Amino acid sequence: MVNMGPQHPSTHGVFRMVLWVDGERIVDAEPHIGYLHRGSEKLCEGELYPQIITLFDRMDYLANYNMEMAFCATVEKIMGITVPDRAEYIRVILCELNRICSHMLFYGTMGLDAGAMTPIMYGFRERERIQNLFEAVSGARMMHNYFRIGGLREDPPDDFAERVAGILPALAQGIEEGDKLLTYNEVFLARSRGVGVLSGQDALDYGLSGPSLRASGIPDDIRVTEPYSIYDRFDFDIPVGNNGDTWDRYAMRVEEMRQSLRIIEQALEQMPDDGPIKATGVRGIPRPPEGEVYVRVETPRGEMGVYLVSDGGDKPYRLKVRPPSFANLQALRPMLRGVYIADAVMILGSLDIVLGEVDR
Amino acid sequence: MLSTLKGMLMTLRTSLRKPVTAQYPKEHLPLMERQVGFPALTWDADVSEPYCVGCMVCVRMCPTQCMSGTMIDNPHHAEGKSTRRKIIEEFEINLGRCILCGLCVEVCNFDAIEMSHEHEISHFARNGRRSDLPVLLEMGKKYQSETNWISPAVKKAAIAAEKAAAAPAAEAGETKEDVSAVADETEGEAK
Ligand code: SF4
Ligand code: SF4
């Protein structure tokens, strides 16, 4: 029996696994979560709607915009608010940039897990471009608190479109460079091909979502199958893997970054230059009508669902979050059976979990 | 062989590049215009008093409940110097608990609180950054002078005036009504 974590350099947060081993092989594994539990769901019941956005920022701290989007979309749906076009475009651009940003970190840590130091440097170089843009838009690099119910906090800077367009070529080049560096590297292939295989049916059974599910050959992306916001206006592909192994899960994300770039390019083209950024009629503290609603959005890690029960007050009666990483993590156990201990970290890394969101 | 040379060339090129890392405590990167720092109270230099009237809207809005304050009658108002009937007496923000969300700035109807550029507030004591009114005003004054701060209300009025000058008079009258309606509503909320 080997205890791995919670303070292990490569467990991507505070996460503990207990591994039963037979020599170098893993016989069984048991994940232990809860080290980062902050009771976000319960906290939400005591906070006003605008305050909850700050809590969502802190759940998946690598994809803050996507999380804000999830919550704002939920409240907008229950209140029947239509968000102005310009605000939607800006949201989508920021969300997709955030997706690239998050996948870039995944790319880097994946390299680290395999024992390569350079990818994380490349990844962080690209992240820096995006983070600087985020900082100029919202004033913060991480906890933006920029989306609002019905729109955005304030207009982005005047040169927003030019700045986004400006970093796109560099990002595209960065993705290609990173791809060339790691994807078909012989050592990396040897470590990741055929390791941690999960069949499509198993993936569905365990409730996987996002790139990890698509790697197992199931083309399911909420942006396409159930478009929220304005994703139905863009033309992009969903990459699908064949084998469901570690390499596939990695390659999905690299390809997804390219598709995100395509979405951003289209969004920049279609974005109206001028217009309101906040829906009219949303003033003060929102009080959604009585009822319940479930909204799901696609974060870099998969399906993020928010279930909201409102009793007509200024605070939610109950708010349940369906975090993608939590479900994805369930598949760790079957994937770990029979592999070498050295591969365990890589398989965990390939699921791209964020503990802040697993434990809430 | 060729690929080795290529790799070496790349290494050479990158090693000749200027480093991007700033040695933090000695060097500081320039702050962005929108940089969110800790909240500070603004100072109205015209009447030498804070903008804040102590309405407590921000205190109620703060998600971490790190603010508190009390209000008194404004002596300047009695003397006829100021339009503010009430004024803040004591105000405290526990900056150590502030999460920099900016909600307090957003709900303030009097432009009295701003996210300053202050971000280095480490302290040895746990509650060492419980900042009271003078400290917050000092931060605010620094921020105001650094950024040539103009009250957003004044800015908005200037833009509205410009628009009104350009647009026909009838339309201008309408927008004015709108503004007063908004003000009414926000006041209602404050109560
Ligand atoms: S909302 Fe503005 S005026 Fe009211 S107490 Fe806060 S800072 Fe002062
Ligand atoms: S920025 Fe947020 S946490 Fe900080 S004092 Fe203002 S409302 Fe409170």
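We did not get these values from a lab; they are worked out from the coordinates using the rules stated. Predicted model only: the values in this text are computed from it and were never measured. Cβ sites come from the backbone with ideal geometry, for glycine too, and all protein chains shown count toward neighbours.
Figures for the structure shown
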| read-out | value |
| --- | --- |
| Region B:54-164: radius of gyration over Cα atoms, expressed as a fraction of 2.2 N^0.38 Å | 1.18 |
| Principal axis box of the protein assembly as shown, alpha-carbon based, largest edge first, Å | 86, 59, 55 |
| Shape metrics for region A:10-80, restricted to C-alpha atoms - Rg then Dmax, Å | 17.8, 59 |
| Reference-scaled alpha-carbon Rg (2.2 N^0.38 Å with N residues) for region B:1-70 | 2.30 |
| Residue among B:104, B:66, B:52 with the largest mean-square fluctuation in a Gaussian network model of chain B, springs linking Cα atoms under 10 Å | B:66 |
| Relative exposure of A:32, B:117, B:76, judged by other C-beta atoms within 10 Å (fewest first) | A:32, B:76, B:117 |
| Most mobile of B:100, B:136, B:41 in a GNM of chain B (Cα contacts under 10 Å) | B:100 |
| For region A:316-360: span of alpha carbons on each principal axis (Å, largest first) | 46, 16, 11 |
| Hydrodynamic radius by Kirkwood, which averages 1/r over all alpha carbon pairs of region A:105-219, in angstrom | 17.0 |
| Residue order, fewest to most beta carbons within 10 Å, for A:82, B:21 | B:21, A:82 |
| Top of A:145, A:328, A:132 by mean-square fluctuation, Gaussian network on chain A, Cα under 10 Å | A:132 |
| Neighbour-limited loop hits for trypsin sites (Lys or Arg not before Pro), region A:243-294 (at most 13 other Cβ within 10 Å; DSSP other than H, G, I, E, B) | A:283 |
| In nm, spacing of pseudo-spin labels at residue A:294 and residue A:125 (7 Å Cα→C-beta vector) | 4.5 |
| Virtual spin-label span in nm between residue A:30 and residue B:125, 7 Å along Cα→Cβ | 4.7 |
| Exposure proxy order (Cβ contacts within 10 Å, fewest to most) of B:62, A:72 | B:62, A:72 |
| Coil-residue GluC sites (Glu not before Pro) of region B:34-93, DSSP, other Cβ within 10 Å capped at 13 | B:79 |
| Alpha-carbon centroid distance for the pair region A:214-245 / region A:313-329, whole angstrom | 23 |
| Region A:264-360: relative contact order in percent, alpha carbon pairs under 8 Å with at least 6 residues between | 20 |
